[in-house]
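Participant: Pasting a structure below so you can have a look.
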Amino acid sequence: MNNIKSDSSRLPRWYFGGLASAGAAFITHPLDLVKVHLQTQQHGKIGFVGQTVKIVKTEGFFGLFNGLSASLLRQLTYSTTRFAIYGKIKQQISPQGQPISFGQKLLTASFAGAAGNLVGNPWDMVMVRMQNDVKLPMDKRRNYKNVFDGLVRVMREEGVRMLFSGLYWNTARSVMMTVGQLCIYDQIKQMLLETDYFSEGLATYFTASFTAGAISTTMTQPVDVLKTRSMNAKPG
């Protein structure tokens, strides 16, 4: 009975991981939007503060939330899939919850990241375009009303294949991000718990999360730029 209860109590974690990712996306969306503008600027070098001020001046405060619907749907599909696959495979490898090897974590996270990106790429592509729209001249803007309007218009005007533009770079980014967020997080947490200074609790989770987040962001930054520019490019 204890084992059954323990196993069932672990099952919902992937679900909460997806919801938590959507919540984080809502909070950090303005930062992500400015990041896209910095990655796609062609002329001049406007910094983070300058880009933020420019967007607020031209589009108002809520211009910082362009593409939010696509961002939320991306996380609810992409991140939920990653957490579900990673958690399920880990549970199959180690039903009693014992630590698995780093190699097993690495392979599991890589597969989960690739699968999650296949599900989330269309939402991501529309999100990038909606975020970048405000910096374009009025006659060149796509003006998607929301993520669903964007999906329908891309399929109608450019074909279904365009929804998977940037798939190569985005998959590479997703694999590295998932390795950082899940595999490296688990490994760092395991290492911390093996010391005399940490035990299961908020301090351990925060330390592991902060370190893994910094590592994954650093690893994915170059391919993130390539992914953004590929998704925002005109067809042809």
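The values are calculated or read from the model by the stated rules, or taken from the named source; none is laboratory data. Just so it is clear, the model here is predicted, and its values are computed rather than measured. Cβ coordinates were reconstructed from backbone atoms using ideal geometry, including for glycine residues, and neighbour counts include every protein chain displayed. These area figures cover heavy atoms from the full protein model, side chains too; ligands, DNA and RNA do not enter into them. Shrake-Rupley method; radii C 1.70, N 1.55, O 1.52, S 1.80 Å.
Participant: Which residue, chosen from VAL175, LEU33, THR77, occupies the Cα position most advanced towards the positive end of the dipole of the chain, where the dipole is computed from +1 (Lys, Arg) and -1 (Asp, Glu) charges on Cβ about the Cα centre?
Facilitator: LEU33
Participant: With a Förster radius of 22 Å, plug the Cβ-Cβ distance of SER230 and MET155 into 1/(1 + (r/R0)^6) and report the FRET value to the nearest 0.05.
Facilitator: 0.75
Participant: Convex hull over the alpha-carbon atoms of the chain: what's its volume per residue in Å³?
Facilitator: That works out to 143 Å³ per residue.
Participant: Next up: Please compute the per residue accessible area over the chain with all protein chains in place, 1.4 Å probe, rounded to a whole number of Å².
Facilitator: It amounts to 55 Å² per residue over the chain.
Participant: Okay, moving on. Connecting C-alpha atoms closer than 10 Å in a GNM of the chain, tell me which of LEU192, LEU38, LEU202 has the biggest fluctuation.
Facilitator: Of LEU192, LEU38, LEU202, the most mobile in the Gaussian network model is LEU202.
Participant: Could you identify which residue out of LEU73, LEU107, LEU193 has the top mean-square fluctuation in a GNM of the chain using Cα springs shorter than 10 Å?
Facilitator: In the Gaussian network model the winner is LEU193.
Participant: Sticking with this structure for a sec: Along Cα→Cβ, 7 Å out, is where each label goes; now give me the distance between the ones at PHE102 and ILE27 in nm to one decimal.
Facilitator: Each label point lies 7 Å from its Cα, and together they span 3.0 nm.
Participant: OK, next. May I ask you to give the percent of accessible area on the chain that is carbon plus sulfur, with a probe radius of 1.4 Å?
Facilitator: Of all accessible area on the chain, carbon and sulfur atoms account for 67 percent.
Participant: Sum -39500 (n - 2.57) across every DSSP H segment of at least 4 residues in the chain, then divide by the residue count to get the 222 nm mean residue ellipticity, nearest 500.
Facilitator: Values: 10 runs with 165 residues, N = 236.
Rounded to the nearest 500, it is -23500 deg cm²/dmol.
Participant: If you don't mind, there's one more thing I want to ask. Would you mind telling me which residue in ALA20, ALA203, ALA114 has the biggest mean-square fluctuation in a Gaussian network model of the chain, where springs connect alpha carbons within a distance under 10 angstrom?
Facilitator: Answer for the Gaussian network model of the chain: ALA203.
Participant: List the GluC sites (Glu not before Pro) within segment 152-218 that DSSP assigns to loop and that have no more than 10 neighbouring Cβ atoms inside 10 Å.
Facilitator: GLU194, GLU200
Participant: Can you give the charge dipole size of the chain about its Cα centre, rounded to the nearest 20 debye, using +1 on the beta carbon of Lys and Arg and -1 on the beta carbon of Asp and Glu?
Facilitator: Its charge dipole is roughly 680 debye.
Participant: If R₀ is 35 angstrom, what is the calculated FRET efficiency for the pair VAL49 and GLU194, using the beta carbon separation as r and rounding to 0.05?
Facilitator: Numbers: r = 42 Å, r/R0 = 1.21.
Computed FRET efficiency for VAL49 and GLU194 comes out at 0.25.
Participant: Right, next: Of the chain, which part is the longest with no trypsin sites (Lys or Arg not before Pro) in a loop (DSSP not H, G, I, E, B) and with at most 14 other C-beta atoms within 10 angstrom?
Facilitator: Counting at most 14 other Cβ atoms within 10 Å as exposed, the longest clean stretch of the chain is 46-140.
Participant: So if I take the centroid of the Cα atoms in segment 99-141 and the same for segment 177-217, what is the distance between those two points in Å?
Facilitator: Cα centroid to Cα centroid, the span is 23 Å.
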